[in-house]
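One structure is given here, and the rest of the page talks about it.
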Amino acid sequence: MAWNDRFECMPVEELQRFQLAKLKETVSWLYEKVPFYHRKLDELGVKADDLKSLEDIAKLPFTVKNDLRDNYPFGLCAVPMNEVVRIHCSSGTTGKPITGPYTAEDLEQWTECVARVLSAASVRKEDIVQISYGYGLFTGGLGLHQGAGRVGCTVVPTSSGMTERQVMLMKDFGVTALCCTPSYALTIAEMAEEMKMPIRDMPLRVGILGAEPWTAAMRDEIEQKMGIKARDIYGLTELGGPGMAFECDEGNGLHINEDHFLVETVDPVTLEPVPLGQRGEMVLTAIQRRAMPLLRYRTKDITTLRREPCSCGRSFVKMDRITGRSDDMLIINGVNVFPSQIESLLSDIEEIELQYLLVVRKKKHLDELYIRVEGKKEVFDAGPGKVTEVERKIAGHIKGLMGIGVGMELVPPKGLKRSEGKAVRVVDERPK
Ligand code: DLL
């Protein structure tokens, strides 16, 4: 069911007319309010009135993460602080965080976008929704909280962590929908099994999972272990948090809330547009935000866009699930390796759990990829010979399909640290 039929099911031509009008408004707004964009637009000699069709978006400047860092904390903010009613941040791995300021109107739009996500995942007013994304500066907790409140659900704001208590409350309250990262969903499922309270026996029926890349294999595992439908949700702090894109009941790709976000894919090297149906880096423009709308923000997320009729009736373009970021790509002795490729190869191996850590090291002049993965109890019960056999089998499988030699270490069950939020899958120990 669409939350907002008027926009979600709008005929494409009408939607595109709406987008062009909003894009022009945003460009004028930024030209007037944000010196950074004023300068950039002047340098390129482009004004809002030069935008005659959506393709003209290619005339606009890109924005990259470093632009946000250089203008930290509020250099890109288009409104005075007394109009900012909330600030979220993403931690980032190094240095200063990325700030996400919101006006009251921005919060309202964000709430609407998340209500659409939940509605598409079949969440209704009657549902009891446990929100196990972190609350606080991270956009996950409060973002889902507001959306579930808008739908009228009973909200259980557990935040992340204290996993035993998550399981207990889920059972005691009869929770029917869970919002968290896919890796944390697995952590919760595992804890429930340990506590002899399997989630399959609880009323839980749907998970709204996102904030990190996950493979089809991981979805199958979550659905099977928890006895639920797992639905994807995408977003990023820079553009307002979760709710930019979501899965409907078809479960094969995420609709983008196109009345709020204009999406393109570009070649990450040449920055030339990539046509629908081909993989590229996703670039997003916020066309209705007030406090910090960004033009052509390079997400680094790699996906394919498809505009096809969908059985759910939504006309919004779909993006394929994101299995990696261009900056997650490891280059192992010249071979490009995405962690998600390794994850899907590992999922072919019966003797392991899908809990792994990739460690990249320098050995003399060569890069070495070293994979730690959890073996099942039966493998360790069978003795060291069996452990070595499984390690060889996995290394052979990866060599055969990707052409790279890897070091393998099978670790005993529960040997790897469990995720409570975004899983850490890669440790790069090469000197920078
Ligand atoms: O992760 C916002 C969010 C919260 C999304 C809750 C969904 C649910 P950031 O911390 O700024 O924001 O991280 C954004 O996470 O550029 C992607 O690389 C990745 N990401 C987010 N959602 C997905 C997803 C939140 N569904 C970065 N699939 C993005 C794959 C995702 N990657």
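The values are calculated or read from the model by the stated rules, or taken from the named source; none is laboratory data. Keep in mind the model is a prediction, meaning the values are calculated, not measured. Here the Cβ is made from the backbone with ideal geometry for all residues, glycine too, and neighbour counts use every protein chain on show.
Structure values in brief
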{"item": "Unique residue being among the polar types (S, T, N, Q) and within 16 Å of the ligand (Cβ to nearest atom) when the list is Ser122, Ser160", "result": "Ser160"}
{"item": "Scan of region 207-217 for residues that are in contact with a Leu (Cβ under 8 Å, 6 or more places away or on another chain) and away from the ligand (no atom under 11 Å from the Cβ), ordered by number", "result": "Gly207, Ala217"}
{"item": "Filter pass, Ser340 being surrounded by 13 or more Cβ atoms within 10 Å (Cβ to Cβ), within 19 Å of Ser183 (Cα to Cα) and among the hydroxyl-bearing types (Ser, Thr, Tyr)", "result": "yes"}
{"item": "Extreme residue, nearest to Gln19 (Cα to Cα), among residues of region 256-272 that are modelled with pLDDT of 95 or more and of a type in the set (Val, Ile, Thr)", "result": "Val263"}
{"item": "Residue within region 339-356 that is under 30 Å from Phe7 (Cα atoms) and within 16 Å of the ligand (Cβ to nearest atom) present", "result": "no"}
{"item": "Enumeration of residues in region 64-115 that are in a loop (DSSP other than H, G, I, E, B), of a type in the set (A, V, I, L, M, F, W, C) and in contact with a Leu (Cβ under 9 Å, 6 or more places away or on another chain)", "result": "Leu76, Ala78, Val85"}
{"item": "Yes/no for Asp367 being surrounded by 12 or more Cβ atoms within 10 Å (Cβ to Cβ) and either within 16 Å of the ligand (Cβ to nearest atom) or of a type in the set (Val, Ile, Thr) (or both)", "result": "no"}
{"item": "Hits in region 127-173 (condition: free of Cβ contacts under 8 Å to residues at least 24 places away in the same chain and part of a loop (DSSP other than H, G, I, E, B))", "result": "Gly136, Met162"}
{"item": "Top-ranked residue in region 223-259 [being within 13 Å of the ligand (Cβ to nearest atom) and more than 23 Å from Ser315 (Cβ to Cβ); ranked as surrounded by the most Cβ atoms within 10 Å (Cβ to Cβ)]", "result": "Gly241"}
{"item": "Looking only at region 273-316, and only at residues there that are under 19 Å from Arg17 (Cα atoms) and surrounded by 22 or more Cβ atoms within 10 Å (Cβ to Cβ), the one that is nearest to the ligand (Cβ to nearest atom)", "result": "Leu284"}
